[in-house]
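Data block below; observations after.
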Amino acid sequence: MGITLPAGGGSWGLALAFVLNNNNVPVKVWARDEKQVDLFNREHTSKYFDSFVFPSSIKMTSSIDEALSNSDTLVLSVPVRATVGLVESIKDKIHDKNVVLTAKGLDNGEILSERLKPYISSLKLSVLSGPSFASEVIQKKTTCVVIASENSDLSKELQNDFSSDFFRVYTSDDVVGVELCGALKNVYAIGSGFLDGKKVGYNTKASYLTRSLHELGNIVLNRGGKETTLLGLSGIGDLILTCTSPTSRNYSFGYNFNGDTTTAHTVEGLYTLPNILEMADKYKIDMPIVKAINSIIFNNEPVEECMHLSQKRRHPEHRR
Ligand SMILES: NC(=O)C1=CN([C@@H]2O[C@H](COP(=O)(O)OP(=O)(O)OC[C@H]3O[C@@H](n4cnc5c(N)ncnc54)[C@H](O)[C@@H]3O)[C@@H](O)[C@H]2O)C=CC1
Ligand SMILES: O=C(CO)COP(=O)(O)O
């Protein structure tokens, strides 16, 4: 049996198809845009990867039924805002399939595995996350990720499918922690871009990353996630990658921020912001950094003013 990637033909879905195909795992990529499908099947190229030619053994289709035939596993790599709707639209066709979530974000104030509970049993669900730019994966640059599932047989099976000499897969049972870390690092990456755009010093940046990790930890632990996840690849690993690299769309959005949110392409932190505020409110967790980032984007607060506001909070009680 093979693996279907209802990925919309986007960059992460294609990179994961590349990883699986490299291991001789049969893959089929689904995309809704027929022109994109025709171009890919003819030339094996994608607008997301300049001049890169994919192996011709990776096939794309615009028929979801064809994509799902002969496959026991789906790797979902559309943006977070599209994930729940896509699963709802194919729910009758996927009840016997394993599902790997790869979108990094929150929806309706919740993590995706929670939102998808009505459609996917937790024993058939896993989450793939970690520091992994698609553009580096297709160049076979060494990349380490985590696959988390409550079903250890499933995470081991997927570890086998994905692992290669350039793609190293660790397993975890902390679905909640891995999902929250992946979602939140995108928001902190926007803030990190704001700071670098303002040419703050390394002192400020190091403090920002440390405090972001601390704030992330508050919500992860509150929701039942594990400290080891926070200190692992999907936690501090992806935070470091995304908060320090212009390859990150979230970081670049923050770095070049000009008040416009309408033209941002797959800046998942933007979609997650209101959702994390909703979650923080619900579980009564103080998230001053997330709030400051939200004020800069949606209330036109200047970056400097928001940093200043955080300094005005009462003196810290602990040295962390
Ligand atoms: N690109 C990367 O390096 C990585 C991305 N991710 C995550 O993967 C998710 C997807 O991101 P990318 O592939 O990078 O985005 P992308 O922008 O490269 O591609 C998204 C694709 O989804 C399609 N799409 C959008 N809405 C759709 C819908 N309703 N139905 C069907 N297709 C739809 C678009 O047409 C596009 O082809 C995001 O949550 C991102 O955080 C995770 C790790 C690495
Ligand atoms: O999640 C990613 C790398 O781990 C990709 O980050 P961006 O979505 O910010 O480009």
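The values are calculated or read from the model by the stated rules, or taken from the named source; none is laboratory data. Note that the structure is a prediction, hence the values are computed from the model and not measured. Backbone-built Cβ (ideal geometry, glycine too); neighbour counts: all protein chains shown.
Computed values, structure above
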| read-out | value |
| --- | --- |
| Of the criteria (1) assigned to a helix (DSSP H, G or I); (2) among the hydrophobic types (A, V, I, L, M, F, W, C); (3) at pLDDT 95 or above, which one Leu309 fails | (3) |
| Contacts under 6 angstrom Cβ, first residue in the range 210-237 being touching a residue at least 12 places away in the same chain (Cβ under 8 Å), partner surrounded by 16 or more Cβ atoms within 10 Å (Cβ to Cβ) and among the hydroxyl-bearing types (Ser, Thr, Tyr), 6 or more apart | Ser212/Tyr188; Ser234/Ser129; Gly235/Thr229 |
| Those residues of the range 1-48 which are at pLDDT below 95, within 24 Å of Pro131 (Cα to Cα), surrounded by 16 or more Cβ atoms within 10 Å (Cβ to Cβ) and out of contact with any helix residue (DSSP H, G or I) (no Cβ under 6 Å at 6 or more places or on another chain), in sequence order | Pro6, Gly8, Gly10 |
| Residue in the range 191-205 that is farther than 24 Å from Leu277 by Cβ and either within 16 Å of ligand 2 (Cβ to nearest atom) or buried (at least 19 other Cβ atoms within 10 Å of the Cβ) (or both) present | no |
| Entirely in the range 169-247, the helices (runs of 4 or more DSSP H) that have 1 or more residues that are of a type in the set (Phe, Trp, Tyr) and more than 22 Å from Tyr271 (Cα to Cα) | 202-222 |
| Residue check for Thr73: of a type outside the set (A, V, I, L, M), surrounded by 22 or more Cβ atoms within 10 Å (Cβ to Cβ) and touching a strand residue (DSSP E or B) at 6+ places or on another chain (Cβ under 8 Å) | yes |
| Tabulated pairs, the range 109-130, first free of Cβ contacts under 8 Å to residues at least 40 places away in the same chain and within 16 Å of ligand 1 (Cβ to nearest atom), second in a strand (DSSP E or B) and not charged (D, E, K, R), C-beta under 8 angstrom, 6+ apart or interchain | Leu116/Val99; Leu116/Leu101; Leu116/Leu125 |
